[in-house]
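> First the structure, which I've put down as structure tokens, then a few questions once you've had a look.
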Amino acid sequence: METVVARFEIRHRRHLGPDGVPAGDLPAFARDPAELVALYRGMVRTRAFDQKAVALQRTGRLGTYASSLGQEAVAVGLAAAMRPDDVFVPAFREHGAQLWRGVTMRELLLYWGGDERGSNFAGPRQDFPVNVPVGSQAPHAAGVALAMRLHGEDRAVVCAFGDGATSKGDVAEALVFAGVWSLPVVFVVNNNQWAISVPRRAQTAAETLAQKAIAAGIPGMQVDGNDVIAVRDAVAEALARARSGGGATVVEAVTYRLGDHTTADDARRYRDDAEVSPHWREEPLPRLRTYLTSLGAWTKAQEDALLAQCRAEVDQAEADYLATPPQDLASIFDHTFAVLPAELARQKAEATGDEP
Amino acid sequence: MTERTLVQAVNAAMARAMAEDPAVLVVGEDVGTDGGVFRATEGLLGRFGPQRVIDTPLAEAGIAGLAVGLAAQGFRPVAEIQFTGFIYAALDQVVNHAARLRTRTRGRLTCPLVIRAPTGGGVRAPEHHSESPEAMFAHIPGLRVVVASSPARAFGLLLAAIRDPDPVLFLEPTRLYRAVREEVPDDAPPLPLDRAFVLREGTDATLVAWGGMVPEALAAAEALEKEDVSCEVIDLATLKPLDEETILASVARTGRLVVVQEAPLTAGFGAEVAARVAERGLMSLRAPVRRVTGWDTVMPLLRLEQRYIPSAARIAAAVRDAMAFA
């Protein structure tokens, strides 16, 4: 005899489709046009930063850079759902969230330009820096969330990683920890459909990435990752549950990487225009702009002013970044340990012997 | 009198650190109710409760990564990796995160954590339980690597490791867990994490060892004394940062160096010791440096492990060779 011992389903949430027309009632925050304008500004600002960073890399003034073109709604939506005293544990394509949370453009340019000081954020002091070894940041999010739990705080963690990261053991282990201890953490899968050259369908046979939550005993859901309202709504709901002791959630935000993996990548090697171009019709900025315009909450003049403002901000950040002298070589020794061991002091003296 | 075995000293150091600092947590597999498979955490759950002694799911990368997150929030996690062969799953978290979070953020986020793990063979354990991985960890910038070799030093070094503001890998030779008892008072002081210990003074040869090889080196020195060969025995204790000065000063007195490690020969930590002496102490040497090590083979299963692990006899033979050279 067999009986059904468990049943699961994964729901998909969308509030604003590609045509900019709401599907049913919007969540409460989205009924305030000012809130939506703020989200729109966050996304435009992110795109302006991406364009500047890519331009700087192309002209030899920045290191390899990972653009978030087309994925702005994921980063901005999740950040807008967070409180300032929450902790963000990012991957490397959530510039929009970092900027929203107060990391400066100059800091981001310093980091991607090869200067560790870029990760010494003046704003969100407890946020983790960009994470490059894919998925390895997920256990950190569990640890930070456990710390919050042990301190009896109502803060929470948001951890972002990509579709490729869901194949990593680190992510599976973090979900297990978060589930078994009901940790206050939201895992956002920034599913841009491509892990460098490997498409989503070749990453896993699972129908959704959200269902990775099911095995860990935590809720998982999918949202339209190009709908910033849906992203913010789903992450806010998950954060509210986390703060009230309800534990962790996986939110799979389905978006699309419109650009190369990084500036060191040439996506034409593994995907053609026919694959990419339909996704331009679904990207996050026009749909929200269309909706705001239909509400009478956004005009051509406001759009022009915003673009000019963003241009000025990225130009200023560029100037500040380029005017920042590199660190002394001594800095690589000084930050290895809290107190420089004698042996390392000898190496420092040798390495910096020819410095003034 | 508070006589303790090495594993009891490890337990006492954690209990002391936890009593002194509420930020100290113990996390790992079976560390709570079970008290750890080697009983290193026995009694801690009852004394400090489940908020501070936390049984984790069976996931070593997760445990190390969890500790990074806890440490970044101001806790001082002491994470136990259950058996030596399971530590490699945690290596990524140690190399890419624990050891470099401070430098990556220029001091904004730090990792005051300890990863404790058993090391070495000799207790007839199953496969993957008897390796000596210290050299892999000593190669990691930003990480301290400490290997215990006696109850008293284990206590003082572990206490210091837990108080240290940076990550420490603390290796405990399973063979020594219950080998001897030693006076270890509860209020014993922490020991420095950048000093080697001269355990026996001598004039003819310097034996440098750590962990499970320290008693073997001492036994070899004892045997050689009967042959009128006087050996100085140094327990490195902290491999990184390395106390080069103590080694060089000793070799300057003795003129002969024999380095002993249980781990395989090639790229072992003994090579680092030999290289330092070659660089800065060559003119003191009257004989070539000798290394007595495990072999470049996989650690054998228990029926052959005693023939793999360097013995006092092999160490004594290496010293006799050095004496015969000059």
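> Return the ratio Rg/(2.2 N^0.38 Å) for region B:126-203, where Rg is computed over Cα atoms only.
Details: Rg = 13.8 Å, N = 78, 2.2 N^0.38 = 11.5 Å.
Dividing the Cα radius of gyration by 2.2 N^0.38 Å gives 1.20.
> As a test of understanding, state the convex hull volume per residue of the protein assembly as shown from its alpha carbons, in Å³.
So the per-residue Cα hull volume is 186 Å³.
> I'd like to know which of B:P50, B:A23, B:N11 lies farthest towards the positive end of the charge dipole of chain B, counting +1 on Cβ of Lys and Arg and -1 on Cβ of Asp and Glu.
B:A23
> Moving on to the next point. Would you mind getting me the FRET efficiency between B:R303 and A:Q51? Use the beta-carbon distance for r and R0 = 45 Å, nearest 0.05.
Working from the Cβ atoms, E equals 0.10.
> On the Cα set of chain B, report Rg and Dmax in Å, please.
Rg, Dmax (Cα atoms, Å): 19.4, 61.
> Next question, about the same structure. Using the Cα atoms of region B:3-183 to build a convex hull, what is its mean projected area in square nanometres? Mind showing how you got there, number by number?
Values: hull surface 36.7 nm².
Reported value for the Cα convex hull: 9.2 nm².
> Considering only A:W181, A:W100, A:W112, give the residue with the highest GNM mean-square fluctuation for chain A, with springs between Cα atoms whenever their separation is below 10 Å.
A:W181
> Could I ask something else about it? Classify region B:1-66 as rounded, prolate or oblate from the Cα gyration tensor: take a ≥ b ≥ c as the square roots of its eigenvalues, call it rounded if a/c is under 1.5, otherwise prolate when a/b beats b/c and oblate if not.
prolate
> Would you mind estimating how fast chain A diffuses translationally, via Stokes-Einstein at 25 °C and 0.890 mPa s with the Kirkwood radius over Cα pairs, in µm²/s? Walk me through the intermediate numbers first.
Values: Rh = 21.4 Å.
For the chosen part, D equals 115 µm²/s.
> Among the lysines, which have Cα under 29 Å from the Cα of A:K168 when same-chain residues fewer than 8 positions away are ignored?
A:K212
> OK, next. Using Cα pairs closer than 8 Å and at least 6 residues apart in sequence, work out the relative contact order for chain A, in percent. Kindly include the intermediate steps, with their values, before the conclusion.
Numbers: 633 pairs, mean separation 81.2, N = 356.
RCO, chain A: 23 percent.
> Compute the projected area of the convex hull of the Cα atoms of region B:197-325, averaged over all viewing directions, and report it in nm² to one decimal place. Write out the running numbers ahead of the final one.
Numbers: hull surface 29.4 nm².
The directionally averaged projection comes out at 7.4 nm².
> Would you pull out the residues with amide H under 5 Å of B:I54's amide H, same chain only if 5 or more places away, H placed 1.01 Å from N?
It is B:V26, B:V27, B:G28, by chain and number.
> Can you compute the modelled spin-label distance between B:A324 and A:S244, with each label point 7 Å from Cα toward Cβ, in nm?
If labels sit at B:A324 and A:S244, their model points lie 8.1 nm apart.
> Assign unit charges at the C-beta atoms only (+1 for Lys and Arg, -1 for Asp and Glu), then state the dipole size of region B:3-183 relative to its Cα centre in Debye, rounded to the nearest 20.
Dipole magnitude for region B:3-183 comes out near 540 debye.
> Hey, with R₀ at 51 Å, roughly what FRET efficiency would A:A312 and A:D154 work out to, going by the Cβ-Cβ distance, to 0.05?
0.85
> To continue, here is another question. Can you spot the lysines whose alpha carbon is less than 30 Å from A:K348's alpha carbon? Ignore those fewer than 8 places along the same chain.
Hits, sequence-local ones excluded: B:K240.
> Something else about it: Write out the GluC sites (Glu not before Pro) in region A:155-247 meeting two conditions: DSSP loop, and at most 14 other Cβ atoms within 10 Å of their Cβ. Don't jump to the answer; show the numbers that get you there.
Numbers: sites: A:E173, A:E207, A:E237; in loops: A:E207.
Loop-located and lightly packed - A:E207.
> If I model a spin label as a point 7 Å beyond the Cα along the Cα-Cβ vector, how far apart are those points for A:D334 and A:T204 in nm?
That separation, rounded to one decimal, is 4.4 nm.
> Can you give me the long-range amide H partners of B:R291? Hydrogens built in the peptide plane at 1.01 Å from N, cutoff under 5 Å, separation of 5 or more residues or another chain.
B:V259
> A further question follows. Using the crude model of +1 on Lys and Arg Cβ and -1 on Asp and Glu Cβ, and no other charge, please compute the dipole size for region A:12-325 relative to its Cα centre, in debye to 20.
Around 80 debye, computed over region A:12-325.
> Now, a different point. Distance in nm between label sites at B:R276 and A:A297, each 7 Å beyond Cα in the beta-carbon direction?
Between B:R276 and A:A297, the label points sit 6.5 nm apart.
> Where does helix B:60-72 land angle-wise versus the long Cα axis of chain B, in degrees 0 to 90, nearest 10?
70 degrees
> Provide the per-residue ³J(HN,Hα) series for region B:304-317, in order, calculated from phi with Karplus coefficients 6.51, -1.76, 1.60 and θ = phi - 60°, each as a whole number of Hz, with x at glycine and proline positions.
Along region B:304-317, the couplings run 10, 5, 5, 7, 8, 5, x, 9, 4, 5, 5, 5, 4, 5 Hz.
> What is the calculated FRET efficiency for A:E343 to B:M283, with r their C-beta to C-beta distance and R₀ = 25 Å, to the nearest 0.05?
So the FRET efficiency works out to roughly 0.75.
> Compare the Cα positions of A:V4, A:L78, A:V130 along the charge dipole of region A:1-143 (+1 at Cβ of Lys, Arg; -1 at Cβ of Asp, Glu; about the Cα centre) and return the one farthest towards the positive end.
A:V130
> Related question: Mind checking which of A:V276, A:V231, A:V250 has the largest fluctuation in a GNM of chain A, springs on alpha carbons under 10 Å?
A:V276
Since every read-out is calculated from the coordinates, none of them should be taken as a lab result. Please read these numbers as outputs of a predicted model, since none were measured by experiment. For neighbour counting, all protein chains shown are included, and Cβ atoms are generated from backbone atoms with ideal geometry for every residue, glycine included.
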